[in-house]
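Trainee: Quick one: the structure is below, and I'll ask about it shortly.
The values are calculated or read from the model by the stated rules, or taken from the named source; none is laboratory data. Everything numeric in this text was worked out from a predicted model, so none of it was measured. Cβ atoms come from the backbone with ideal geometry, glycine included; neighbour counts cover every protein chain shown.
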């Protein structure tokens, strides 16, 4: 029997954005389904319609064969449908139990009492049959349990939570506050919350995006336990390997429309991709041979210590070269973030230094980076030559003449400029062409402002360039249009607030803006996190383009397969230490994996 | 200060404290739902207006009948009604029209003070003081022969009522299902919504009930503490705004707010019992604010999550917003 049936569901936002277009399919009971689709294909919107967060414009929903009207998450619970959102809906200052009890109504408690009676009733009868008196301790306890289940009582609720955890194999302390929990614990709590309300159909929105591989494995075990208990599970995802691993059936959505449905055992990743994108997709990542390789950035023995005294980065040294992609591999939290922030000047480091070789050889000096006084000082130390290649010393020349000479491009660098980044401010480092495109766990946390539109977000980087009192909006506007166009950003227009866009599109805007300034060093951390296949490959292409135009690219990635295919060298971090720098053409994935955990073994 | 004067000072402190308790308990109930209602001073004044009107209506209608129940009942009901209207106005603007909380609140304060001043100005001065005297004469429990009696047992009904209201609010907020749901609305409205709680309804009701409680504070101020003497500016400065800072001072807990109100009450009354120049009086008026700043500093240094403002305070919630 079908647990759920969608019939011609259509949901639009405003007039232009169609989230779901005439979608019909059914979900069988007691199976694990994957809902697969690219960013913006309407997976989450469709499920939000199912749990009553959105209301469909037209179409019908059937639960267990009956047509239902679901207007709020409360209604959804009535039909035993629960959804775990990507952003957890938990109250931080509450304990696990308080969060579970949130919003329960009298009828819920009645139901709990009834459920508990179904379990305890026969037990009591059994005891009485065996000749126990009505005032027997055990009989009284069982009676009290039924009573407690039917009312607001933190202690008995905590006991019920522990029972649910034991049944499905979770681990949760009912009295722990949410702000003390890890991401995976929070997710577990969300699932427990749903099961506590007697959910039979559980929807999970990209549950693995925030989990480590081990936590993912645990989650999948729990989901299998739930299936064994007759529950129906729907996972929204775009990670194909997980689809193959966990689900029984896959439903594919494409641009808001139903694209097809397959049994997982009868399909493969390639077929699913084609179904998802709607055309044949080449899953090969191209890797060109590096050209014009020069040492660009020297990281010498730097260490970073966190506020709480733990060492985040321990004596790291390596060289970043132009024209190549240096991949950074490591278990999350091995010091990747700290490394990038140290280079960008956002975090203090100690021990060594970071030296930047600015490619200036045979290029005239400009007033953009150097003051007249500095040029005079440098010329004394022999940094420059004139047009004929003769040594040039302007230290005793009047400032006006020096300025004239600079304008006429008569002062030329002998060699690359060597700059110690240690005492530079982040803005100075940026102006040198070292760009950081950091995609932290919270996409909007760093780099973009959600409540501003795309153009204004472009201006965050260029507001200093305006002439006089006012700034010009023309160039940022052009840039915004280019990025939207080239990176296929799905947005009503460039004046849409960034916070209203989907995660993938936000990332494209961030990466696009940083690349647009033609950096000399480009650092990207998790640029494809949360992106679908198509968008991910677009980003990989962008990184390759940067490499080909001679940028030194530092790429922190999660997916080892991608790192192996894209990088020219891989730097492996393990517990803040550089465990090794390897050539991905010559080592296997397993070798890199071994290096990733090496630091841990040393410490044991 | 003589012993008699000191006893009188303490008794007055408790009376002044009751006003703070009403005002800040009302605001705590409101803020727990996520509404930052800065209109509390205005709402307290609407309560005062309601109280004066209610008492006058009864006295006129009954020909100065000093029936103890009605003398209390009429101003209380009217004060709560008038103040609740202010709360309703605030909720309508912030929930239904999704206006900014700060702007709405500040406007409401200006509106409430102006409105009340105008109408109270229309009422004859002697009828206001008659109302105050009526309240005075009937609500006093007179058991005070010794110092204990004069301080603790001779307060007006409203003072005891304030403490009862604060304790009840504290219990409801921390111990009951209702309180749990209410706090969730203030901490994380999206989570509350997903759990099936009607956030809008909770916010509306909490704001209206909170305003009604705060309105009692305004009434107690006019009819009980000031005995029918009306001075808008002083009252707003030394009671209205301080009720808002008391909320921070008591770390959003009505139980703490009772004790904190006594401290504020003492700080407010002390200047009348010491022989001070007017400059010194001004400095004494600063005392509660200095205390609030100190508490702010201390709580942010320790930065414990249980002593902070509700996380969703001042944020309008709309379900389809991302």
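Trainee: Whether any residue in segment B:58-74 is closer than 22 Å to residue B:231 by Cα and assigned to a helix (DSSP H, G or I) is what I want to check.
Mentor: So far as segment B:58-74 goes, no, none of its residues is closer than 22 Å to residue B:231 by Cα and assigned to a helix (DSSP H, G or I).
Trainee: Collect the residues in segment B:156-184 that are within 10 Å of another protein chain (Cβ to nearest Cβ), within 20 Å of residue B:212 (Cα to Cα) and buried (at least 21 other Cβ atoms within 10 Å of the Cβ), keeping them in residue-number order.
Mentor: Answer for segment B:156-184, where residues must be within 10 Å of another protein chain (Cβ to nearest Cβ), within 20 Å of residue B:212 (Cα to Cα) and buried (at least 21 other Cβ atoms within 10 Å of the Cβ): just B:183.
Trainee: In addition: For segment B:100-113, check the following and say yes or no: at least one residue is in a loop (DSSP other than H, G, I, E, B), farther than 30 Å from residue A:100 by Cβ and within 14 Å of chain A (Cβ to nearest Cβ).
Mentor: So far as segment B:100-113 goes, yes, one or more of its residues are in a loop (DSSP other than H, G, I, E, B), farther than 30 Å from residue A:100 by Cβ and within 14 Å of chain A (Cβ to nearest Cβ).
Trainee: So residue B:78 fits all but one of (1) surrounded by fewer than 24 Cβ atoms within 10 Å (Cβ to Cβ); (2) over 18 Å from residue B:118 (Cα atoms); (3) in contact (Cβ under 8 Å) with a residue 24 or more places away in the chain; what number is the exception?
Mentor: For residue B:78, the failing item is (2).
Trainee: Moving to a separate point now. How about segment A:14-38: which of its residues are surrounded by fewer than 23 Cβ atoms within 10 Å (Cβ to Cβ) and within 14 Å of chain B (Cβ to nearest Cβ)?
Mentor: Passing the criteria: A:14, A:17.
Trainee: Name every residue in segment A:69-84 that is in contact with a helix residue (DSSP H, G or I) (Cβ under 8 Å, 6 or more places away or on another chain), buried (at least 19 other Cβ atoms within 10 Å of the Cβ) and either more than 7 Å from chain B (Cβ to nearest Cβ) or in a strand (DSSP E or B) (or both), in order of residue number.
Mentor: A:70, A:76, A:81, A:82, A:83, A:84
Trainee: Can you tell me which residue is surrounded by the fewest Cβ atoms within 10 Å (Cβ to Cβ) among those in segment A:406-432 that are over 31 Å from the mean Cα position of the chain (by Cα) and part of a loop (DSSP other than H, G, I, E, B)?
Mentor: Filtering segment A:406-432 for residues that are over 31 Å from the mean Cα position of the chain (by Cα) and part of a loop (DSSP other than H, G, I, E, B), the one surrounded by the fewest Cβ atoms within 10 Å (Cβ to Cβ) comes out as A:423.
Trainee: Which residue out of A:171, A:116, A:176, A:185 is within 14 Å of another protein chain (Cβ to nearest Cβ) and either modelled with pLDDT of 90 or more or within 27 Å of residue A:228 (Cα to Cα) (or both)?
Mentor: None of the other options fit; the residue is A:176.
Trainee: On to the next question. Do we find that residue B:279 is on the phi < 0 side of the Ramachandran plot, within 23 Å of the chain's Cα centre (by Cα) and at pLDDT 80 or above in this structure?
Mentor: When the stated conditions are applied, residue B:279 does not pass them.
Trainee: Let me ask something else. Looking only at helices (runs of 4 or more DSSP H) that lie completely in segment A:110-199, which have at least 2 residues being surrounded by fewer than 16 Cβ atoms within 10 Å (Cβ to Cβ)?
Mentor: A:137-149, A:154-168
Trainee: Among the residues of segment A:244-295, which ones are touching a residue at least 24 places away in the same chain (Cβ under 8 Å), part of a loop (DSSP other than H, G, I, E, B) and in contact with a strand residue (DSSP E or B) (Cβ under 9 Å, 6 or more places away or on another chain)?
Mentor: Result: A:247, A:248, A:255, A:256, A:278, A:287, A:290, A:293, A:294.
Trainee: Can you tell which of A:106, A:151, A:141 is free of Cβ contacts under 8 Å to residues at least 24 places away in the same chain and within 14 Å of chain B (Cβ to nearest Cβ)?
Mentor: Result of the check over A:106, A:151, A:141: A:106.
Trainee: Looking only at segment A:551-570, decide whether some residue is surrounded by fewer than 20 Cβ atoms within 10 Å (Cβ to Cβ), in a helix (DSSP H, G or I) and in contact with a helix residue (DSSP H, G or I) (Cβ under 6 Å, 6 or more places away or on another chain).
Mentor: yes
Trainee: Something else about it: For segment A:519-550, give me the residue count where each residue is touching a helix residue (DSSP H, G or I) at 6+ places or on another chain (Cβ under 9 Å) and not in a helix (DSSP H, G or I).
Mentor: Total satisfying the criteria: 13.
Trainee: For residue A:216, are the conditions met, namely being touching a helix residue (DSSP H, G or I) at 6+ places or on another chain (Cβ under 8 Å), at pLDDT below 85 and surrounded by fewer than 19 Cβ atoms within 10 Å (Cβ to Cβ)?
Mentor: Criteria not met by residue A:216.
Trainee: Can you tell which of A:91, A:100 is part of a loop (DSSP other than H, G, I, E, B), touching a helix residue (DSSP H, G or I) at 6+ places or on another chain (Cβ under 6 Å), within 14 Å of another protein chain (Cβ to nearest Cβ) and modelled with pLDDT of 85 or more?
Mentor: A:91
Trainee: How many residues does segment B:264-322 contain that are touching a helix residue (DSSP H, G or I) at 6+ places or on another chain (Cβ under 6 Å), outside any helix (DSSP H, G or I) and more than 14 Å from chain A (Cβ to nearest Cβ)?
Mentor: The number of residues fulfilling the criteria is 1.
Trainee: Looking only at residues that are in a helix (DSSP H, G or I) and within 14 Å of chain B (Cβ to nearest Cβ) in segment A:471-503, which one is surrounded by the most Cβ atoms within 10 Å (Cβ to Cβ)?
Mentor: Checked segment A:471-503; the qualifying residue surrounded by the most Cβ atoms within 10 Å (Cβ to Cβ) is A:498.
Trainee: A further question on this structure: Does segment A:311-336 hold any residues that are touching a residue at least 60 places away in the same chain (Cβ under 8 Å), surrounded by fewer than 21 Cβ atoms within 10 Å (Cβ to Cβ) and closer than 28 Å to residue A:183 by Cα, and which are they?
Mentor: The answer is A:311, A:314, A:331, A:332.
Trainee: Exactly one of these conditions fails for residue B:197: (1) within 14 Å of chain A (Cβ to nearest Cβ); (2) part of a helix (DSSP H, G or I). Give me its number.
Mentor: (2)
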